[in-house]
Amino acid sequence: MTTEKLELFEVFVRPKRGLDHKHVGSLHAEDKEQALEYARDVYTRRTEGISIWVVKSGDICASQEDDRESFFDPSDDKPYRHATYYPLPKEISNM
Amino acid sequence: MTQSTQNKVDSKQDLINYLVRLGDDSIVLGHRVSEWVSNGPFLEEDIALGNVALDYIGRARLFYGHAATLSEDGKTEDDFAFLRDEREFENYLINELPRGDFAYTIVRQLLVDLYNKHHLQALKSSTDETLVAIAEKASKETSYHCRRSTSWALRLGDGTQESKRRMQLAVDDIWGYSHELFEVDALEQRLIDAGIAVDCEQLKQQWLADVEEVFEEAGLTIPEATWAVRGGRKGYHTEHLGHLLTQMQFVHRSFPGATW
Amino acid sequence: MSDHTKLEVEHELEIAFQAKIDDEQKVEPKDWMPEGYRKNLIRQMSQHAHSEVIGMQPEGNWITRAPSLRRKAVLLAKVQDEAGHGLYLYSATETLGISRSQMIEALQTGTAKYASIFNYPTQTWGDMGAIGWLVDGAAICNQVSLQRTSYGPYARGMIRICKEESFHQRQGYQIMIELAHGTPAQKKMAQDSLNRFYWPSLMMFGPHDSDSAHSAKSMKWKIKRETNDDLRQKFIDQTVSQIEYLGLEHPDKALVWNEERNHYDSSDLDWDEFYSVINGNGHCNRQRIQHHIKAHEEGAWVREAMAAYKQKKQLKNATNAA
């Protein structure tokens with residue numbers, strides 16, 4: 001099947017109200033309207049969602065493995081951003 | 001039996017017959033659409049066509065199921081689908097035509113989906129509660145079907161020379177089967193008077209307006225030819241239905257009384 | 001960089017890659033990976049995708065003949081799922097830098113394979129039961145283990161597929177229950193389908209580990225998580241009580257419980273038949289591919305029309321914008 005001419009789209013589904021849209025896969029379609037329709041048929045056959053996003057795969061700008069150090073390492077040395085950095089006195093059971 | 005109980009019995013039988021017709025329309029078209037599985041132009045479309053077929057098969061089960069309940073004689077949905085002969089099937093002819101090429105399927109779907117849109121909308125005002133519930137469910141499916149068939153008609157009508165040629169050819173070949181969709185027989189008239197059935201005659205203008213709108217944008221024309229084939233509601237079918245039923249019913253009929 | 005240093009760098013990357021695998025970390029699309037890993041994955045994943053797609057045919061063959069409306073709806077939903085699974089897998093494979101049309105071309109020209117089980121014909125309604133129960137059952141055994149495969153998109157696809165497939169096996173077994181506990185004619189149909197599909201299902205796990213060309217490398221890279229023979233044994237063991245419950249005769253007359261191994265001992269498979277079917281002597285080898293090519297060719301004008309329509313629309317938008 002030559003779907004070469006068809007655009008590749010990434011599909012995101014919000015499983016229920018209050019949750020984030022989650023990446024579920026991709027599909028081929030001619031335009032975003034059709035991508036949305038196919039996403040409904042392909043990825044929500046069991047009512048897995050209440051909302052769908054489709055995005056042209058080519059429009060996604062992804063960070064590269066090579067950039068990983070410069071992107072993410074700087075936050076490694078900031079443990080004080082995490083609550084677990086601050087031990088609580090035993091007497092205080094939750095905060 | 002008093003006159004009024006006799007009337008009640010008659011109108012119940014009328015309703016059963018009406019439900020079975022609607023079931024016949026759904027199962028026969030569902031069968032045709034299901035023939036596309038593994039034959040679609042690409043994988044996404046195989047899945048989408050599968051959904052449409054499933055909607056129609058589900059709808060047939062609801063109509064037949066309601067008829068079976070009303071029958072009160074132990075009949076099941078399967079008895080209606082598998083144990084009646086060609087002459088007893090009362091689906092509109094348009095539904096039994098072969099699946100044809102993709103253009104043929106899209107044109108048929110467009111005409112039938114737009115018809116269903118108005119038909120189901122009207123059915124929601126029936127005095128029969130179960131029919132109303134079925135119509136509510138089915139019309140959601142049909143809005144989606146309309147969306148699909150309309151956008152496909154635009155793509156193919158306004159795509160290449162070849163796709164336009166195929167679409168117009170399909171329109172020319174199918175159009176003559178659309179007329180009987182808007183004709184009411186005595187059975188339906190009695191049920192219309194009772195507030196149960198849809199008066200199809202009333203749907204024609206709205207339907208035609210919808211079709212013309214899509215056709216205009218897609219560059220398709222309604223044929224001037226005046227041929228019209230009728231007979232579905234009388235069990236007077238094309239030769240295609242017999243083969244469809246042969247295939248659909250043979251396993252069920254080969255094992256009388258078996259459960260599956 | 002000289003060739004020598006290039007090789008050294010490559011070698012170091014490979015060591016780091018293997019360490020990551022050994023540490024049970026997932027490999028993601030943009031990560032560095034050895035060319036062999038990528039190729040091996042493309043081969044396995046696209047074969048898996050093709051199997052789902054070709055697998056639509058033998059069961060699609062019975063949708064229009066299903067003996068009840070409920071069965072018809074279930075079978076259609078199941079075959080439709082298979083198309084969906086093919087699509088999940090194609091899209092997961094595309095993350096490795098190959099397009100769907102390249103994969104399809106490889107399928108149609110015979111350079112890519114699909115599961116040989118689909119070269120067997122479906123002759124009766126009982127075969128819909130046997131395929132769901134045994135063929136999908138065997139596939140699930142394999143897929144459950146692949147949920148832990150090292151390539152992230154493949155593993156995630158498998159999780160999704162496994163969740164959906166569990167109904168496939170159950171609907172098949174339910175068909176078998178109805179048949180086996182039905183009329184004598186139905187029971188006969190069930191036994192016949194079991195007899196025909198039992199052996200090919202066992203062959204789905206592939207050749208013995210000692211004869212499997214890709215096994216060792218795949219295990220080391222954790223593309224495969226369990227060996228062919230281990231998975232096959234698991235399937236043989238779990239199927240025994242299922243056949244018993246149906247009250248059907250087990251097709252393997254040599255089957256016997258081995259206390260020591262804690263497994264069933266069974267007959268060796270007819271590997272000559274296995275290779276004979278793979279090599280083109282199955283009833284449906286040519287039919288399956290020709291069917292696929294025919295649908296593809298008949299859809300060509302549709303795909304062209306879509307592209308043309310899109311172009312027209314873009315042109316219109318551009319003119320309006322100007």
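Within the range C:1-38, the residues that satisfy the criterion of being in a helix (DSSP H, G or I) and either surrounded by 14 or more Cβ atoms within 10 Å (Cβ to Cβ) or touching a Ser or Thr at 6+ places or on another chain (Cβ under 6 Å) (or both) are C:Glu14, C:Phe17, C:Gln18, C:Lys20, C:Ile21, C:Tyr37, C:Arg38. C:Glu304 passes every criterion in (1) among the acidic types (Asp, Glu); (2) in contact (Cβ under 8 Å) with a residue 12 or more places away in the chain; (3) touching a Gly at 6+ places or on another chain (Cβ under 9 Å) apart from (2). Pick from the range A:26-57 the residues that are hydroxyl-bearing (Ser, Thr, Tyr) and more than 10 Å from chain C (Cβ to nearest Cβ): which of them is nearest to B:Asn51 (Cα to Cα)? That would be A:Thr44. For the range C:290-322, give me the residue count where each residue is closer than 20 Å to A:Lys32 by Cβ and either in contact with a strand residue (DSSP E or B) (Cβ under 9 Å, 6 or more places away or on another chain) or facing another protein chain (nearest Cβ under 9 Å) (or both). Summing the residues that are closer than 20 Å to A:Lys32 by Cβ and either in contact with a strand residue (DSSP E or B) (Cβ under 9 Å, 6 or more places away or on another chain) or facing another protein chain (nearest Cβ under 9 Å) (or both) in the range C:290-322 gives 10.
Filtering B:Ala133, B:Ala138 for residues that are within 28 Å of B:Asp199 (Cα to Cα) and either without any contact (Cβ under 8 Å) to a residue 24 or more places away in the chain or within 14 Å of chain C (Cβ to nearest Cβ) (or both) leaves a single hit, B:Ala133. Identify the residue in the range B:159-209 that is over 28 Å from B:Gly235 (Cβ atoms), of a type in the set (A, V, I, L, M, F, W, C) and in contact (Cβ under 8 Å) with a residue 60 or more places away in the chain and, among all such residues, is farthest from the other protein chains (Cβ to nearest Cβ). For the range B:159-209, the residue satisfying everything is B:Leu169.
State yes or no: is C:Gln287 within 14 Å of chain B (Cβ to nearest Cβ), modelled with pLDDT of 95 or more, in a helix (DSSP H, G or I) and surrounded by fewer than 15 Cβ atoms within 10 Å (Cβ to Cβ)? Taking the combined requirement at face value, the residue satisfies it.
Residues checked against (1) touching a strand residue (DSSP E or B) at 6+ places or on another chain (Cβ under 7 Å); (2) more than 19 Å from C:Leu269 (Cα to Cα); (3) part of a loop (DSSP other than H, G, I, E, B); (4) in contact (Cβ under 8 Å) with a residue 12 or more places away in the chain:
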site: C:Val144; (1), (2), (3), (4): no, yes, no, yes
site: C:Glu165; (1), (2), (3), (4): no, yes, no, yes
site: C:Met189; (1), (2), (3), (4): no, yes, no, yes
site: C:Pro200; (1), (2), (3), (4): no, no, no, yes
site: C:Arg225; (1), (2), (3), (4): no, yes, yes, yes
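So which residues in the range B:58-83 are within 14 Å of another protein chain (Cβ to nearest Cβ), without any contact (Cβ under 8 Å) to a residue 24 or more places away in the chain and in a loop (DSSP other than H, G, I, E, B)? Within the range B:58-83, B:Lys75, B:Thr76 meet the criteria.
Checking the structure you have, find out if any residue of the range B:102-114 is in contact with a Gly (Cβ under 6 Å, 6 or more places away or on another chain) and either surrounded by fewer than 23 Cβ atoms within 10 Å (Cβ to Cβ) or over 28 Å from C:Arg70 (Cβ atoms) (or both). Looking for residues that are in contact with a Gly (Cβ under 6 Å, 6 or more places away or on another chain) and either surrounded by fewer than 23 Cβ atoms within 10 Å (Cβ to Cβ) or over 28 Å from C:Arg70 (Cβ atoms) (or both), one finds none in the range B:102-114, hence no. Go through the range C:64-93 and count every residue that is facing another protein chain (nearest Cβ under 7 Å) and more than 30 Å from B:Gly65 (Cβ to Cβ). Residues flagged as facing another protein chain (nearest Cβ under 7 Å) and more than 30 Å from B:Gly65 (Cβ to Cβ) within the range C:64-93 amount to 4.
Any residue that is loosely packed, with under 14 Cβ neighbours inside 10 Å, in contact (Cβ under 8 Å) with a residue 12 or more places away in the chain and part of a helix (DSSP H, G or I) - is there at least one of those in the range A:3-21? Within the range A:3-21, not a single residue is loosely packed, with under 14 Cβ neighbours inside 10 Å, in contact (Cβ under 8 Å) with a residue 12 or more places away in the chain and part of a helix (DSSP H, G or I).
Residue count for the range B:210-260, restricted to those that are away from chain C (no Cβ under 11 Å), in contact with a Pro (Cβ under 9 Å, 6 or more places away or on another chain) and without any contact (Cβ under 8 Å) to a residue 12 or more places away in the chain: 0.
Could you list all residues from the range C:121-149 that are over 14 Å from the mean Cα position of the chain (by Cα) and surrounded by 24 or more Cβ atoms within 10 Å (Cβ to Cβ)? Correct list: C:Trp125, C:Gly126, C:Asp127, C:Met128, C:Gly129, C:Ala130, C:Trp133, C:Thr149. In a residue-by-residue description of the range C:242-260, the property of being away from chain B (no Cβ under 14 Å), touching a strand residue (DSSP E or B) at 6+ places or on another chain (Cβ under 6 Å) and part of a loop (DSSP other than H, G, I, E, B) applies to at least one position.
The values are calculated or read from the model by the stated rules, or taken from the named source; none is laboratory data. Note that the structure is a prediction, hence the values are computed from the model and not measured. For neighbour counting, all protein chains shown are included, and Cβ atoms are generated from backbone atoms with ideal geometry for every residue, glycine included.
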